[in-house]
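No value in this document is a laboratory result; all are computed from the given coordinates. Because the structure is predicted, anything quoted here is derived from the model rather than measured. When we count neighbours, we look across all protein chains shown, and the Cβ atoms used for this are built from the backbone with ideal geometry, even at glycine.
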Amino acid sequence: MTVVVVGAGPVGVTAALLLARRGVDVLVLDRHAAVYPQPRAVHLDDESLRVLQAAGVADAFAAVSHPMAGLRLLDGAHRTLAEFRRGPGVHGWPQASMFTQPDLEALLRAALGREPRARLRGGVEVLHVEQPDGAVRVVVRDRATGVSEEVVADAVLGCDGANSTVRRLIGARMRDLGPAERWLVVDLVSDEPLDVWPGVHQVCDPVRPATFMPVAGSRYRAEFRLADGETPADLDLPALLAGFGAAGAAVVRSAEYRYAAAVADRWRAGRVLLCGDAAHLTPPFIGQGLGLGLRDAHQLTWKLAAVLAGADDALLDTHQAERAPHARALIRLAVLLGRLMTGGGRRAAAVRRLVLGGVRRLPGVSGFALASRTPPLRPGRLVRRPRVAPGSPVGALVPQSTVTVDGVHARLDDVLGNGWAVLTAGGPLPVLPDAADARVLRVGDGPGELSSAELARWLRGRSVLVRPDRIVAACR
Ligand SMILES: Cc1cc2nc3c(=O)[nH]c(=O)nc-3n(C[C@H](O)[C@H](O)[C@H](O)COP(=O)(O)OP(=O)(O)OC[C@H]3O[C@@H](n4cnc5c(N)ncnc54)[C@H](O)[C@@H]3O)c2cc1C
């Protein structure tokens, strides 16, 4: 069984690693031979780090990233309006980590190189994807020789980014969730550490919304929204950087980006599926673009591996059913927070202080702002929860504590392994037809049991059914 992954960006390579670790042969195709060198993503949350953990690269990522303090909202004069702290969190990793995307992509590719089941071929452009007879035929052209050939696969993942060819080939269209914005993104290096707060500074000034943050090592990032008709050359960059105490830093790159807010209307055609930026695009305000894509990969690859091993193809219908509403919710949140933080005119800025004071009480915003929690998956075939179930853990990730089993300490996910699992402190067990082979793991202090005071406290005597992607599927 071979899966072709189109696109060797962070989502494609992560998906390939996850499939290979499930015993699936994978061929990753990319039009470029090397990692895209320009920094893009700089922030990942702790839920996303569990995906990297599943792909076997979380410790390598921890070595090239560092925890971030949180988000500070500033007015036009850089006075603090509100602050949302980030710390250790419940997923076993820092709630927010800062890094550079090329560093992450390099370590993902290094891990892929160590996987005997995975192969990466650069310098090839994917032109067509067809499914005439069950198998998927992928037409690729070698960019050096111009020669085209056909690759046959059992499934194809379109992880080919914002301008996805695969998306176009399956007839999907992007549906806008808000207007696009143009921002100037400036990467900086400073030999001397800058005397700045170690978190993200968001300037909530409708005249010149801006973001500033330490990234990793000597790197810093500043972003400035461009007004209609304005070009980067119109900005007084030295003065804007001086406002953040970064006058002494060297500009190593500045580039204009157009941030869209959109979700594809179709994520699957037969055995061809979309993941990552190919399926959704978000403005940067909550740093979730890549995180969404990593979640797609984590939540799709175990289903695809199960289908390739004989499970019903309809399991793949849950990909869009689960991921699209989740992506829409987070993108709408990014649009809403973007508007709250940077929208309106000068009069709006005057009332912003009051509005931001109430941000913590907005439904959907508070969980994210205060605890970096993303919305739970909606009820469905693999998420058994009534529509209204306040406080239910179903649809969200099981927290990851360190557990001790017979004197050996381990992270929960590493103990759960690749399959379904029931975590129980006793009592009736939740069951699901898709999870007939779930391992039952008892939480307690006896022999062979998972000992963790945090986990026992969270379970509160309940039993939970945990999917291979660590989402709680059911609870009793
Ligand atoms: C300035 C900026 C800041 C950002 N900050 C954050 C952040 O802090 N946090 C966050 O989570 N996200 C952030 N993002 C978003 C993040 O960078 C993207 O979500 C992420 O790169 C998407 O990964 P991907 O693998 O889906 O797509 P990509 O990284 O775009 O990779 C797609 C790959 O597909 C290949 N490809 C495309 N078409 C073909 C074809 N026809 N044939 C062969 N190969 C093909 C491309 O060469 C490319 O390698 C930011 C983005 C920008 C621009």
Next item on the list: With 10 Å bins from zero, work out the P(r) of the range 1-137 over every alpha carbon pair and list the percent per bin.
Entry: 11, 34, 29, 16, 8, 2, 0
Next item on the list: Divide the volume of the convex hull of the Cα atoms of the range 216-312 by its number of residues and quote the answer in cubic angstrom per residue.
Entry: 151
Notebook entry, point to check: Order of R387, R411, R323 from fewest to most other C-beta atoms within 10 Å?
Noted result: R387, R411, R323
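Quick check: convex hull over the Cα atoms of the chain, volume per residue in Å³, rounded to an integer? Write down the numbers at each step before the final one.
On the way: hull volume 73.9 nm³, N = 476.
About 155 Å³ per residue, rounded to a whole number.
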Next item on the list: Scan around G161 for amide H atoms under 5 Å from its own, H built in the peptide plane at 1.01 Å from N, and keep only partners 5 or more places away or cross-chain.
Entry: D277, A278
Next item on the list: Normalise the Debye intensity by I(0) for the range 268-317, one equal point scatterer per Cα, no solvent, then take log10 at q = 0.25, 0.28 Å⁻¹ and round to two decimals.
Entry: -0.91, -1.04
Notebook entry, point to check: Mind listing the phi-derived Karplus ³J(HN,Hα) values for the range 328-336, rounded to whole Hz, using 6.51, -1.76 and 1.60 with θ = phi - 60°, and x for any glycine or proline?
Noted result: 4, 4, 6, 5, 4, 5, 4, 5, 4
Notebook entry, point to check: If amide H atoms are built 1.01 Å from N in the plane of the peptide, which residues on other chains or at least 5 residues away come under 5 Å of the amide H of V203?
Noted result: L74, A210, T211, F212
Margin query: Please list, in order along the range 97-104, the HN-Hα scalar couplings obtained from phi with the Karplus expression 6.51 cos²θ - 1.76 cosθ + 1.60 (θ = phi - 60°), rounded to whole Hz, x for Gly and Pro.
Written below: 10, 10, 6, 10, 4, x, 4, 5
Checklist line | In Hz, Karplus ³J(HN,Hα) per residue of the range 8-25 (6.51, -1.76, 1.60; θ = phi - 60°; x = Gly, Pro) | finding: 9, x, x, 6, x, 5, 5, 4, 5, 4, 5, 5, 4, 5, 9, x, 9, 6
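For the range 402-475, what does the equivalent ellipsoid look like in terms of its semi-axes, each the square root of 5 times an eigenvalue of the Cα gyration tensor, given largest first in whole Å? Walk me through the intermediate numbers first.
On the way: eigenvalues 72, 38, 21 Å².
Result for the range 402-475: semi-axes of 19, 14, 10 Å.
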Next item on the list: Work out the length of the dipole vector of the range 215-304 about its Cα centre, built from +1 on the beta-carbon of each Lys and Arg and -1 on the beta-carbon of each Asp and Glu, and round it to the nearest 20 debye.
Entry: 660
Item checked: Amide H contacts of W420 (H built 1.01 Å from N, under 5 Å, at least 5 apart or other chain) -> R439
Check: Farthest toward the dipole's positive end in the chain, which of F224, H319, V136, given Cβ charges of +1 (Lys, Arg) and -1 (Asp, Glu) about the Cα centre?
Finding: H319
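Rounded to two decimal places and with Rh computed the Kirkwood way over Cα pairs, what is Rg over Rh for the range 105-217?
1.11
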